[in-house]
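The values are calculated or read from the model by the stated rules, or taken from the named source; none is laboratory data. This is a predicted model, so every value here is computed, not measured. Neighbour counts run over all protein chains shown; Cβ positions are idealised from the backbone, glycine included. Ligands, DNA and RNA are stripped out before the accessible areas are found, and what is left, the full protein with its side chains, is counted by its heavy atoms. Shrake-Rupley method; radii C 1.70, N 1.55, O 1.52, S 1.80 Å.
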Amino acid sequence: MDSSPPSDIFLLAQVPYVGASVRQVEHVLSLLRGRSGKLVDLGSGDGRIVLAAHRRGLRPAVGYELNPWLVGLARFYAWRAGCAGSVCYHRKDLWKVSLRDCHNVSVFLAPSVLPLLEGKLQAELPEGARVVSGRFPLPTWQPVAVVGEGLDRVWAYDIHSGGPAGQAAPAPSSALVPRAPDPQAG
Ligand SMILES: C[S@@+](CC[C@H](N)C(=O)[O-])C[C@H]1O[C@@H](n2cnc3c(N)ncnc32)[C@H](O)[C@@H]1O
């Protein structure tokens, strides 16, 4: 059996490029409101989320994207916006970057890769980090908040010490969802 790592073409076919809608970007930002520190968009496309987050004060704002054309486009948009020196776009495989210093993570990826992504996020993110997932929820985590409808919906998750974030409960259409109480807690 071939045990070589998947090629970039294979990875890109698994998660094709679709830009976040204007509302989706607004929802991502609303779920990151009041937060500070590093923001990373995993699969940053043309960089719209990174640029918007940088403008809201999340710094450094970094995008990892495998498609070199999209990395070039993102850099062009950043230059056009006068932010060329302040935002960073790297042509890198998101599965190979370390997230250990990331306090804010945005993802808009295909549902097929989200189970694997949960493991990476849980293993690498520091306590207190927040993950926002656009259009598709993380399959087993419990969201702390959900905003938007349909294709624009975005889920937020907080990283806590002591293991996985728990099984997801069905989310209402557009609402803040409190974390379920921990039955082990006193
Ligand atoms: C659905 S698009 C989202 C783009 C952007 N985050 C947005 O919200 O507008 C997913 C992006 O992930 C990129 N991608 C897919 N697999 C990747 C990988 N292994 N490493 C880095 N980027 C990847 C794709 O090229 C695509 O641009």
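Tabulated results
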item: Tally of residues being open to solvent by 10 Å² or more (accessible area, probe 1.4 Å), part of a helix (DSSP H, G or I) and either away from the ligand (no atom under 16 Å from the Cβ) or not small (Gly, Ala, Ser) (or both) across the range 116-126; result: 6
item: Identity of the residue in the range 13-31, within 6 Å of the ligand (Cβ to nearest atom) and crowded, with 16+ Cβ neighbours inside 10 Å, that ends up modelled with the highest pLDDT; result: Ala20
item: Count of the range 132-156 residues which are within 16 Å of the ligand (Cβ to nearest atom) and either outside any loop (DSSP other than H, G, I, E, B) or at positive phi (or both); result: 12
item: Members of the range 96-108 that are more than 13 Å from the chain's Cα centre (by Cα), within 11 Å of the ligand (Cβ to nearest atom) and in contact (Cβ under 8 Å) with a residue 24 or more places away in the chain; result: Val97
item: Odd one out for Gly85, checked against (1) part of a loop (DSSP other than H, G, I, E, B); (2) free of Cβ contacts under 8 Å to residues at least 12 places away in the same chain; (3) under 23 Å from Pro137 (Cβ atoms); result: (3)
item: Unique match (being open to solvent by less than 70 Å² (accessible area, probe 1.4 Å) and in contact with a Ser or Thr (Cβ under 6 Å, 6 or more places away or on another chain)) among Val107, Val113; result: Val107
item: Criterion: within 15 Å of the ligand (Cβ to nearest atom), over 15 Å from Val15 (Cβ atoms) and crowded, with 22+ Cβ neighbours inside 10 Å - qualifying residue of Ala129, Ala74; result: Ala74
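This table checks each residue for (1) touching a residue at least 12 places away in the same chain (Cβ under 8 Å); (2) on the phi < 0 side of the Ramachandran plot.
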residue	(1), (2)
Ser7	no, yes
Val18	yes, yes
Gln24	yes, yes
Ser30	yes, yes
Arg35	yes, yes
Gly45	yes, no
Arg48	yes, yes
Arg59	yes, yes
